[in-house]
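Colleague: Provided herewith is a single structure, encoded as structure tokens, for subsequent inquiry.
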Amino acid sequence: MALIYIVEDDKNIQEIESYALGSAGYDVRCFDDGAAFSEAMKAVLPDLILLDIMLPGEDGLSILKRLRSDNETRNLPIIMVTAKSTEIDTVKGLDQGADDYITKPFGIMELMSRVKAILRRVKKDESEDVLRYKNIVLDQDRRLCTLDGEKVELTFKEYELLKLFLNNTGIVLTRDSIMASVWGYDFTGESRTVDMHIKTLRKKLGAAGGMIVTVRNVGYKLE
């Protein structure tokens with residue numbers, strides 16, 4: 001499910017947004033100010049950002065401008081959330097690249113509708129040749145793997161393993177099914193081959209490699 005960052009200093013609003021999105025199955029992380037949000041962005045990029053304008057320190061419009069000027073974050077979906085309702089604030093946010101704008105107080109149904117609409121559009125617009133999960137991106141057209149925007153050198157089998165996991169997130173894959181998909185049905189090697197390749201793939205993915213978990217006596221899955 002999509003990862004959503006909420007940047008909101010009003011705890012009541014933050015809790016309402018977090019509860020509503022979390023209940024809908026989204027992975028949600030909350031931040032009280034731009035500084036904490038910026039630190040999180042260095043580790044994992046979200047699928048969508050709910051960004052308040054009135055924040056302590058760096059305000060939402062400044063954050064929006066900074067994100068849109070960075071090649072790595074310029075296309076991230078951003079919904080501006082604010083208590084202000086004047087036309088000029090709406091125009092500023094949209095002119096600087098916000099994908100949508102919602103004014104407090106707002107209804108939960110309205111919030112969910114806007115979030116789902118943007119995520120549907122993004123999913124439709126994304127190339128089928130690009131697989132994404134958290135901070136891992138697999139560009140099948142260029143046969144390129146990136147982690148937090150940095151290139152990861154993978155062998156042919158490691159690449160095929162990662163592609164298999166990205167196409168089956170949350171699904172337990174048996175060693176036999178992995179061998180059939182990556183090595184072919186006629187492969188006669190031992191299942192230890194799968195384990196060794198999983199080990200090297202995890203190592204190359206660093207902390208993200210921990211998302212590939214072992215399911216005892218069965219196989220593996222990408223959490």
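Colleague: For segment 63-85, how many residues meet the condition of being closer than 13 Å to V7 by Cα and either open to solvent by 20 Å² or more (accessible area, probe 1.4 Å) or in a strand (DSSP E or B) (or both)?
Modeller: So the answer is 5.
Colleague: What's the number of the only condition in (1) in a loop (DSSP other than H, G, I, E, B); (2) surrounded by 15 or more Cβ atoms within 10 Å (Cβ to Cβ); (3) modelled with pLDDT under 70 that T90 fails to meet?
Modeller: With respect to (1) in a loop (DSSP other than H, G, I, E, B); (2) surrounded by 15 or more Cβ atoms within 10 Å (Cβ to Cβ); (3) modelled with pLDDT under 70, T90 is out only on (1).
Colleague: Take the residues in segment 130-148 that are out of contact with any strand residue (DSSP E or B) (no Cβ under 8 Å at 6 or more places or on another chain) and modelled with pLDDT under 90, then tell me which one is most open to solvent (accessible area, probe 1.4 Å).
Modeller: Selected residue: R142.
Colleague: Same structure again: Residue by residue through segment 145-176, note down the ones that are among the basic types (K, R) and without any contact (Cβ under 8 Å) to a residue 12 or more places away in the chain.
Modeller: Correct list: K151 only.
Colleague: Looking at segment 7-54 only, could you name the residues that are more than 20 Å from R74 (Cβ to Cβ), touching a helix residue (DSSP H, G or I) at 6+ places or on another chain (Cβ under 6 Å) and not in a strand (DSSP E or B)?
Modeller: The answer is E8, A20.
Colleague: Now a separate question. Considering only residues that are among the aliphatic types (A, V, I, L, M), more than 21 Å from the chain's Cα centre (by Cα) and open to solvent by less than 30 Å² (accessible area, probe 1.4 Å), which ones fall in segment 193-223?
Modeller: Within segment 193-223, V194, I198 meet the criteria.
Colleague: Also, I was wondering about something else. Give segment 165-181 a look and list any residue that's open to solvent by 30 Å² or more (accessible area, probe 1.4 Å) and not in a loop (DSSP other than H, G, I, E, B), or say none.
Modeller: Within segment 165-181, T174, R175, D176, S177, S181 qualify.
The values are calculated or read from the model by the stated rules, or taken from the named source; none is laboratory data. Given the structure is predicted, the values throughout are model-derived calculations rather than measurements. Neighbour counts are summed over all protein chains in view; Cβ atoms, including those assigned to glycine, are modelled from backbone coordinates with ideal geometry. When the accessible area is computed, the model is the full protein with side chains, heavy atoms only, and any ligands, DNA or RNA have been set aside. Shrake-Rupley method; radii C 1.70, N 1.55, O 1.52, S 1.80 Å.
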